[in-house]
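Just below is one structure, and these are the notes that go with it.
The values are calculated or read from the model by the stated rules, or taken from the named source; none is laboratory data. Just so we're clear, the structure is a prediction, and the values are computed from it rather than from any experiment. Here the Cβ positions follow ideal geometry from the backbone for every residue, glycine too, while neighbour counts run over all protein chains shown. Ligands, DNA and RNA are stripped out before the accessible areas are found, and what is left, the full protein with its side chains, is counted by its heavy atoms. Shrake-Rupley method; radii C 1.70, N 1.55, O 1.52, S 1.80 Å.
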Amino acid sequence: MKEDRLVKKALNGKIEGIRRRGRPRTIWLDAVENDLREMKVKRWRKTPEDREAWATIMKGAKVLRGP
């Protein structure tokens with residue numbers, strides 16, 4: 001994937017600014033990584049290139065969290 005694509009920038013982007021006090025908010029990517037860890041999925045950043053494997057993972061994720 002090219003580095004200048006919007007999807008790539010959104011996935012790897014960093015937000016700058018001052019942090020609030022207290023516990024940091026859970027970001028979407030953290031939740032996704034936790035779900036994939038529960039499903040024991042490794043190399044998840046490369047898996048979407050194999051559409052069939054990714055479809056299987058997504059079906060498992062729906063079962064994990066519901067429809």
| said: Given the criterion within 12 Å of A61 (Cβ to Cβ), in contact with a Lys or Arg (Cβ under 9 Å, 6 or more places away or on another chain) and open to solvent by less than 70 Å² (accessible area, probe 1.4 Å), identify the matching residue among L36, L11. | reply: L36
| Which of the residues belonging to segment 14-29 are within 15 Å of A61 (Cα to Cα) and open to solvent by less than 100 Å² (accessible area, probe 1.4 Å)? | L29
| field | Subset of segment 1-26 [over 21 Å from D50 (Cα atoms) and over 16 Å from the mean Cα position of the chain (by Cα)] | value | D4, I15, E16, G17, I18, R19, R20, R21, G22, R23, P24
| W44 vs. criteria among the aromatic types (F, W, Y), open to solvent by 100 Å² or more (accessible area, probe 1.4 Å) and under 11 Å from the mean Cα position of the chain (by Cα) | no
